[in-house]
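Worksheet: one structure, shown below.
The values are calculated or read from the model by the stated rules, or taken from the named source; none is laboratory data. None of the values given here were measured: they were computed from a predicted structure. Glycine gets a Cβ as well: all are built from the backbone with ideal geometry, and neighbour counts include every protein chain shown.
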Amino acid sequence: MSHAAHGDEFNVLKFQYEDMDQQNDSYIVGMWTFLVTEVMFFGMLFLTYSLYRANYQNDWFTAHEQLDWKLGGINTANLLFSSFLMATAVRQAQLKDRKGVLLRLAGVLACAFGFLVIKYVEYSGKYEHHLFPGPGFAPDVTHFHGANLDHVQLFFGLYFAMTGLHGVHVLVGILVIGALGLMWFKGKKIVTEDYVPTELVGLYWHFVDIVWIFLYPLFYLMPNPSVGSGGGNH
Amino acid sequence: MNWNLFNYPMNPPSASNFAAEHDALFYAIVGQALFFGLLTFALIIIFAFKYKKGSKADRSSPVYENARMEFWWVLVPTILGLATFFWSTKLFVDMRTPPKDAKEIFVVGKQWMWHVQHPNGVRENNTLHVPVDTDIKITMISQDVIHAFYIPAFRVQFMTVPGRYTQMWFRPTQVGKYHLFCNMYCGTQHSEMGGSVIVMSKRDYADWLMQHGQVRENLTAAQTGEKMFNKIGCGNCHGAQDLIPRGPTLRGLFGTTRETGDGRKWIADESYIRESIMRPTEKVTKGYGVTMPSYDKTFSEEDIMNLVAYIKSGANQSLPTSSIAASIPGIQARDASGKAGLNSNAMQFNSDTADATPTRRGNAPAVGAMASEKGDQQ
Amino acid sequence: MAKSPLSAVHDDHGGHHIHNNSMYVKTALTLAGFMILTIAAAQIDFGHMISKQYGYWINNLIAVLIAVVKTYIVVLYFMHVKWASSLGKLFALLGFFFIPVLFSVWTDFYFRQHEPVAHWYNNDYVESATPRIIGATDGAKIAPGEENTQNRIPKSVW
Amino acid sequence: MSTTVKTEVGGMEHFHTKPELNYLTNGHSIRSWLLTEDHKRIAMLYLISVSFFFLIGGLAAAGVRYELMSPAGNMMESETYNKLFTAHGAVMVFLFLLVAVPAVLGNFLIPLMIGARDLAFPRLNLLSWYLYMAAGTCIMLATLGGGVDTGWTFYTPYSSMYSNSNVSLTLLGVFLGGFSSITTGMNFIVTIHKMRAPGMTWFRLPLFIWGHYATGVIMLLGTPVVAITLLCVIFERTFQLPIYSPELGGDPVLFQHMFWFYSHPAVYIMILPAFGVISEIMTAFSRKRVFGYHMIAFSSLAIAFLGFLVWGHHMFVSSQSMYQSVIFSLLTFLLAVPSAIKVWNWTATMYKGNVVLASPMIYGIGFQGLFLVGGLTGPFLASYGNDIHLTATYFVVAHFHYVMVGGSIMGFLAGIHFWWPKMTGRLYNESVAKWNGLLVFVGFNLTFFPQFIVGWMGMPRRYHYYYFAPEFQPYHIMSTLGASFLGIGFVIPVIYMVHSLFKGERATDNPWNAHGLEWNTSSPPPTENFRYKVIVTDDVYDYDPVAEHENDMQLAGGKA
């Protein structure tokens, strides 16, 4: 079990740990405990969402028609692909393939930026249509088929809160992945000697993907509660 | 030393039907707490000194784990806890289920006063007059932040929440004057949002309603509601019969089962009516279209309570042709003669609020609470 | 990448495998399949085939179930929980286990409608035919901190 | 005393501080303190900052108490009063109680007790202190720059739409403090799982560690919920993103659900570590293995888990569904059981022990007395029928002060007295400490017992004036009198503790003759905690009161 055989391990092993196994296990468990907090963090918002949506099903359906499910779908595919790239980047890190890792991390970053660009397009569209809640909330009434605009505002409140927080997580992800990529680029031992730091960033990024997996159908693909009308998307 | 300082009661007055049982429960738990508390603390002190280092106590065969003993430690508090739980829950369910024929009083909480409206339309601020030995149901709502309507002597308390009616009930048993508090922190003058509850004999209460009504205004809640009903022109769509296709009649509406277009059914209770005024698009009665505008932002909670009272009062009568006499004896007679009051200033209630506008002030304790309390001395 | 000599080698310590690329590709393809399934399922109105009133909940249920399955796949394969130690598995589960505890708040909102007290919780379930007349759309909303306490809800018009 | 096998380690010398240096003397620059990754130094940083915020919170409490002596208030306006009690609540809860025991004693002792060189993530630990200080700065800025008047519970819609005080800044502070709490919890959990010395099995862990493990779980699962909830209120205030707005159909009561989902378990963040401290002290000063080790350990976990299922008992009159209230009432009664187990197990620990009434033990017994009252007044509030009258009155105020001050702060004081020689290498004046323990106990009871009575009589909490109910006044006067004693009782330890730093006698490695890994290293410990490799071979708490007693008898006989 000992890693004493690796000569340069001391640079990577922190002084509080006995060996690399202990350190790596601690890192992985630590990351998961962090993700537990993230789950609860978003869980509260999903709870609020579910309560209000159950209450205002019809108004929210009308409000959700303002969202473009195609753009959301592109972003879903985008995040899925970046998640895949991240997973293979971890694999390349296990193989100590520096070039492979860098290539894939660059791909992940590109996807993340793409995600934010699409998000920006969506947000600015909402803003132009005065759909941002608050004093400037003045939507074109004809789009809402008589729905209660208060509830529409509530919908957009949660929409901006939840996708916004997710967006912040994507931003943090970009920073972290960028930092990781830089370390790989410079060939720092802390990342090249052991794949676990890359794995940790990967775990975070997959979690960001998971949040979107729920956000997408909940916000963009609502079924129509009204009788007899067709599917969820118009 | 001035022992008069301590010449104060150690428990609140008991003036409602709940007080006796509540106090019994309270003292039962006090008994449990005293028993276990004293026993345990005495043991701690006894052990601390008996087994003090160097004492000659017997220390042979010390015990480190004793499953049987610990089993009892788990079982006894569990059983006692469950017994207390069942008792308190029984009491609580009583407190939460108002009797059907209870007299309903409306309360609106706002920063920082209580508006009270009696069923015959008499209004008061920060005081609540109630007849003794009568079931009273309080239907409450808040106009701004969350408040709590708290009468310690009755052992009742419930929060008023904006956007939703809450209810509580009690039956006063002792004539007298008791504290009324707001018990949910609601802003700067939270501590002065309150006044008193005055429990009167039934006869005095009827008299008070008469006098008070003459001084203030002689419209019942339902009558004020009726006036508003006519003024807005609700009857244009909600006619006396289902002749006009725009809206169903409200005659005999209250308490019936309404069916919406999709086949779901609702009991037309206070909440249903309030919701229909505030958000008319939500539960459209079968056979009608969505034509009614929302009055969400146009009515104050008092207005809506009046409208609800009017529609409610027409449960067995025709609308909107007659004004409804209140159910309190002694008032009915006056109602007949006081019909002219229908034309009196309907802004009365709102002008009440104007003079209660909370203003920044110094330390002098002279806000609405005390002022109205003094004014309403029996 | 299968040409790499290490690709099939199992790392001894910590039980961390190096997996074939095909595993990741398969996982990604499965996820993509589920994504298309979600979008497709949202186009079809399952619910109203079954129940006229509450049928749309079936669509909701399907959407959430697919999301849960996708999460499960991501967690197991991309996040390597399938090969994690039992401790790792425990912590990976912990958050997801606690979500139902959090969601027990629902019981309150569900029970409220069965109260003798007037209720707040209702499904608003109507046909929206004509535009709603907007009496006072929040133009005059008071910013927090601007004006305190008074007249939050406009006074009666009379 | 052979709890460990000491093995000099070869090849690891470069980790070691020089023999004459300990963690306090290993670097004297400000930088070496502010950028330290040493858990012991971070604990000391926490100790200083926590004491500072305790002082601030205490001053606010003093203002509140003196103002309440007169029913019509003669010192300040209502607005000021509201800001003062909010400052007291927010500072005490978020900046003192939630961090005091875990971040000071937990940080210092967890690695020492399990035989590790540091916590698993030292840098995260430092970050947590900085987050905490940022939180403190925000809350202080908000408090001093105008104040907050929402009460520490920040109920919507008052906090989101009506209050025009510095709510957002305070909430930002609480939000940051939440992340400090989360990082601490993560650190504890990972450390306890992965960093135990060889031979330190789960059932050889001191109960202090069990308490902190349970605390960590709560921090991890609860804190994010309240963090995002409060963030939503910030959104609502600053960007007017409606989340709880009742005007738009949002539900303000949902905020209370989310707030108490964390804030009830948060009570256990405050009290579970104190339970751990008391378990250590009871066993060390009874010279006897704690009674029912497994029961206490598991009851900590049971409390942590059940604690998440009872939040609704704060909302019995908040118009939550009455069926839900019944469920919460039942669960709350069940939750009383594990707490009762602990108190009785501690009592039984003293039975046939060899009790040493040193100052930590005085505080420990004080803790037991106060926590008993706090715990036994819980059923009043758990039973719905009673709570409907008592909730939000001074009865509740007294109850949670008995639990939080009587429990958490007494536990904190007891722990500080117990481990002070280990932390600083100095001994404080023992007899002053003992008398002060008594003073705190008496002062505390004088302060808060009258509040039970006045609450039962119906005095609502957060009331500035009560001129309309003069019958409440004598109780408030008693309470204020007691608070003065209590205040003195909190100042005196600061004086003799600080005095001991300069003039105190040097402590030996194990001045209390207690068992446990932390007593096997030097006082103060070196930076790497142990100068040898730790291997645990013996059971936890292997005291032998009988043999010690016989030994004492022989010594006494020899003298005579």
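What to note about this one:
- Reported count of residues in region D:261-298, each being buried (at least 24 other Cβ atoms within 10 Å of the Cβ) and not in a helix (DSSP H, G or I), is 5.
- Taking the criterion of being within 7 Å of chain A (Cβ to nearest Cβ) and either surrounded by fewer than 15 Cβ atoms within 10 Å (Cβ to Cβ) or farther than 13 Å from residue A:203 by Cβ (or both), the residues of region C:86-104 that qualify are C:87, C:94, C:96, C:98, C:99, C:102, C:103.
For every residue, the table says whether it meets (1) part of a helix (DSSP H, G or I); (2) closer than 23 Å to residue B:231 by Cβ; (3) modelled with pLDDT under 75.
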residue: B:258; (1), (2), (3): no, no, no
residue: B:287; (1), (2), (3): no, no, yes
residue: B:290; (1), (2), (3): no, no, yes
residue: B:295; (1), (2), (3): no, yes, yes
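- Screening region B:169-185 for residues that are surrounded by 24 or more Cβ atoms within 10 Å (Cβ to Cβ), out of contact with any Gly (no Cβ under 8 Å at 6 or more places or on another chain) and of a type outside the set (Phe, Trp, Tyr) and picking the one that is nearest to residue D:320 (Cα to Cα) gives B:184.
- Here residue D:308 fits the description: surrounded by fewer than 24 Cβ atoms within 10 Å (Cβ to Cβ), facing another protein chain (nearest Cβ under 9 Å) and of a type in the set (Phe, Trp, Tyr).
- Which numbered condition residue B:40 fails, given (1) at the interface with chain D (Cβ under 8 Å from one of its Cβ atoms); (2) at pLDDT 90 or above; (3) more than 27 Å from residue D:366 (Cβ to Cβ): (3)
- Residues being out of contact with any Ser or Thr (no Cβ under 6 Å at 6 or more places or on another chain), outside any strand (DSSP E or B) and free of Cβ contacts under 8 Å to residues at least 12 places away in the same chain are represented in region B:98-116 by at least one member.
- Test: residue in region D:234-246 that is surrounded by 24 or more Cβ atoms within 10 Å (Cβ to Cβ), small (Gly, Ala, Ser) and assigned to a loop (DSSP other than H, G, I, E, B): yes
- Pair list, Cβ < 7 Å and 6+ apart or interchain, from region D:502-521 residues that are within 20 Å of residue D:286 (Cα to Cα) and among the hydroxyl-bearing types (Ser, Thr, Tyr) to residues that are assigned to a loop (DSSP other than H, G, I, E, B) and at pLDDT 90 or above: none
- Sole exception among (1) touching a His at 6+ places or on another chain (Cβ under 6 Å); (2) at pLDDT 90 or above; (3) not polar (S, T, N, Q) for residue C:69, by number: (1)
- The residue of region D:485-521 that is nearest to residue D:432 (Cα to Cα), among those that are of a type in the set (S, T, N, Q) and crowded, with 16+ Cβ neighbours inside 10 Å, is D:500.
- Filter result (outside any helix (DSSP H, G or I) and of a type in the set (A, V, I, L, M, F, W, C)) within region D:467-486: D:468, D:469
- Qualifying positions in region D:469-484 - within 11 Å of chain B (Cβ to nearest Cβ), surrounded by 18 or more Cβ atoms within 10 Å (Cβ to Cβ) and more than 15 Å from residue D:74 (Cα to Cα): D:469, D:471, D:472, D:475, D:478
- Residue match in region B:144-161 (condition: more than 9 Å from chain D (Cβ to nearest Cβ) and in contact with a helix residue (DSSP H, G or I) (Cβ under 7 Å, 6 or more places away or on another chain)): no
- Within region D:326-345, tally of residues that are touching a Gly at 6+ places or on another chain (Cβ under 8 Å), within 30 Å of residue D:546 (Cβ to Cβ) and touching a residue at least 40 places away in the same chain (Cβ under 8 Å): 2
- Per the conditions (1) closer than 23 Å to residue D:105 by Cα; (2) without any contact (Cβ under 8 Å) to a residue 60 or more places away in the chain; (3) touching a helix residue (DSSP H, G or I) at 6+ places or on another chain (Cβ under 8 Å), the sole criterion not satisfied by residue D:226 is (1).
- Set D:215, D:238, D:183: member being more than 26 Å from residue D:292 (Cα to Cα) and at pLDDT 90 or above: D:183
- Residue within region B:80-97 that is more than 30 Å from residue C:112 (Cβ to Cβ) and not in a helix (DSSP H, G or I) present: no
- Hits in region A:26-42 - residues which are facing chain C (nearest Cβ under 8 Å) and either among the aliphatic types (A, V, I, L, M) or surrounded by fewer than 23 Cβ atoms within 10 Å (Cβ to Cβ) (or both): A:28, A:29, A:35, A:36, A:38, A:39, A:40
- Every listed requirement among (1) modelled with pLDDT of 75 or more; (2) more than 28 Å from residue A:61 (Cβ to Cβ); (3) part of a loop (DSSP other than H, G, I, E, B); (4) not hydrophobic (A, V, I, L, M, F, W, C) is met by residue B:248 save one, (2).
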